[in-house]
Amino acid sequence: MTGDLTPVSNDTQAFDLLGRLAREHQMDVHGGQVRRTSSRFCLGVEHGDYNGTELFGVGTDRFIWMAYKANGTDRMRLFSGNFPDEGVVEFTLGDVPNPQSPGIAERWARFPFGVNFVLRRAGYEIARGFDAVLYGNIPGGGMSRSASLTLNLILSLLDVNKIGVDEDMAIIDLAQAVENDYIGSPCGQLDQIMIYFAKEGMGTHYNPADRSIKYVSLGAGATDFRIVSLDTGTVRPGLEKSTYKLRRGQCEELVGLLKARGYDIGCLADVREETLFHKIQDEFSAEYPQLCRRLTYIYHAQNRFYEMLDAWKAGDIERVGAIFRADGIGLRDEYQISGPELETMCDLVRTVEGVLGERMLGGGDRGASGALVRADAVEGVRAAVESGYPRSRPDHAEGYATHVCKMVDGVTLFKNQLP
Ligand code: GLA
């Protein structure tokens with residue numbers, strides 16, 4: 001993903017790299033700020049956001065760093081170290097291609113275009129442009145690279161234009177709109193919420209009923225553990241081209257069928273009662289077995305969610321891991337959103353002593369799996385992946401990676417850091 005760039009694993013290395021990129025491409029960001037946005041790791045309910053469930057997750061330390069400074073014009077100039085072949089992306093504010101234009105589908109520039117488009121559409125007066133250089137080490141697929149980039153660009157463009165937004169949730173809505181309306185990805189809000197609100201060492205609990213956020217610290221005495229992301233080295237096309245879109249459609253279809261038969265249901269998360277769940281299964285499973293399987297996953301995952309929260313609060317990370325594993329089996333067999341490479345990663349780490357749970361992450365099909373791992377088992381996990389993955393998946397022997405992550409703040413601003 002990075003061409004000839006040296007991999008970056010901490011802030012100092014990122015600042016050095018951004019400084020070098022700025023000099024090489026004549027971007028004036030000296031004395032400006034660096035905004036760092038994280039990746040995220042969801043502990044539940046995966047695929048629950050567009051089905052109306054509560055959500056829980058943490059920010060993780062794979063980031064996008066963007067150095068930026070107002071350039072005194074109405075033009076944007078951005079250079080991404082991840083996509084050097086695209087050169088400097090340059091445009092006048094307000095003059096961007098139409099949403100989902102064919103010419104932009106493969107270019108990273110669709111993100112700054114989309115941010116400009118959505119902010120102006122929402123009525124924000126965006127007249128001041130900036131120069132920026134950016135670089136990210138978030139693996140593609142599973143850790144929310146696109147939401148991290150979108151949030152970074154939105155917050156930076158608002159900052160340069162001295163616009164404050166009172167409601168945090170408005171930022172989440174804007175970021176989702178960039179992806180839904182401009183880029184054409186049918187994502188929900190899980191990624192944006194888990195990155196924007198993330199706080200070091202804490203879990204973020206979102207309740208869609210009142211759109212509230214609660215921070216939940218891990219209970220005392222928890223076993224020392226790590227969050228591990230297992231990048232399969234596969235390239236995932238956008239969600240719009242994946243099983244994700246089909247699954248969303250199936251969930252909506254079932255909600256429509258239930259409503260038509262008189263059920264008082266707005267989303268699949270409304271099916272909470274055991275008797276209701278069984279009644280629906282009895283009535284619909286012969287005719288709509290696939291749709292009922294989707295509901296089965298959401299129903300059980302939603303029940304497990306509250307157990308997982310209690311376990312997290314009690315510091316029972318072994319139980320959190322076991323639930324994570326059960327969710328993974330539901331995502332594989334009932335929701336059927338996993339993929340062969342993702343499952344290879346799960347199979348490889350499942351039997352390693354000290355792995356508490358593992359499953360596919362995020363949108364599905366391809367990308368990354370994840371695991372909750374006792375700290376003393378990290379080396380065993382690395383070894384299992386190193387020896388097993390290239391043998392099982394020789395086509396991806398080059399691109400796979402194991403990322404051992406810490407819980408971090410989602411959004412951090414650094415002043416004057418560039419060398
Ligand atoms: C992707 C989407 C999110 C969410 C997850 C699955 O990451 O962008 O909105 O639906 O998949 O939990």
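Note on residue 167 and residue 127: the model spin-label points, each 7 Å out from Cα along the C-beta direction, lie 2.6 nm apart. In the complete set of protein chains, residue-level accessible area for residue 30 is approximately 120 Å², probe 1.4 angstrom. Apolar share of the accessible surface for the chain: 47 percent from carbon plus sulfur atoms, 1.4 Å probe.
Positive contributions from Lys and Arg (+1) and negative ones from Asp and Glu (-1), summed over other residues with Cβ under 12 Å from the Cβ of residue 192, come out at -4. Extension gain for residue 406-residue 272 works out to 44.9 nm (0.36 nm per residue, less the C-alpha to C-alpha distance).
Ordering 153, 185, 339 by the projection of their Cα atoms onto the charge dipole of the chain, which places +1 on the Cβ of Lys and Arg and -1 on the Cβ of Asp and Glu, puts 153 at the extreme positive end. With a Förster radius of 56 Å applied to the beta-carbon distance between residue 395 and residue 375, the computed FRET efficiency rounds to 0.95. Quick check: the distance between the Cα centres of segment 189-242 and segment 114-171, to the nearest angstrom? Between the Cα centre of segment 189-242 and that of segment 114-171, the gap is 20 Å. Here each label is just a point 7 Å from Cα along the line to Cβ, and for residue 223 and residue 73 those points are 5.8 nm apart.
Quarter the surface of the alpha carbon convex hull of segment 129-191 and you get the mean projected area, 4.9 square nanometres.
I need the calculated FRET efficiency for the pair residue 95 and residue 215, taking r as the beta carbon distance and R₀ as 45 Å, to the nearest 0.05. Here the calculated transfer efficiency is 0.65. The stretch between residue 415 and residue 290, if pulled fully straight at 0.36 nm per residue, gains 39.8 nm over its current Cα-Cα span. Pairs of alpha carbons in the chain separated by more than 41 Å make up 15% of all such pairs. For the chain, the per residue solvent-accessible surface stands at 40 Å², with DNA, RNA and ligands left out and a 1.4 Å probe.
Each label was represented as a point 7 Å from its Cα along the Cα-to-Cβ direction; for residue 318 and residue 200 these points are 3.0 nm apart. Given R0 = 22 Å, the distance between the Cβ atoms of residue 259 and residue 282 translates into a calculated FRET efficiency of 0.75.
Here segment 220-405 is assigned +1 on the Cβ of each Lys and Arg and -1 on the Cβ of each Asp and Glu. Its dipole about the Cα centre then comes out at about 320 debye.
Two numbers describe the Cα atoms of segment 220-405: Rg and Dmax, which are 18.2, 54 Å.
The values are calculated or read from the model by the stated rules, or taken from the named source; none is laboratory data. The shown structure was predicted, so the numbers you read here are calculated from the model rather than taken from an experiment. Virtual Cβ from ideal backbone geometry, glycine too; neighbours counted across all protein chains shown. Quick note on the areas: whole protein, heavy atoms, side chains included, nothing else; ligands and nucleic acids left out. Shrake-Rupley method; radii C 1.70, N 1.55, O 1.52, S 1.80 Å.
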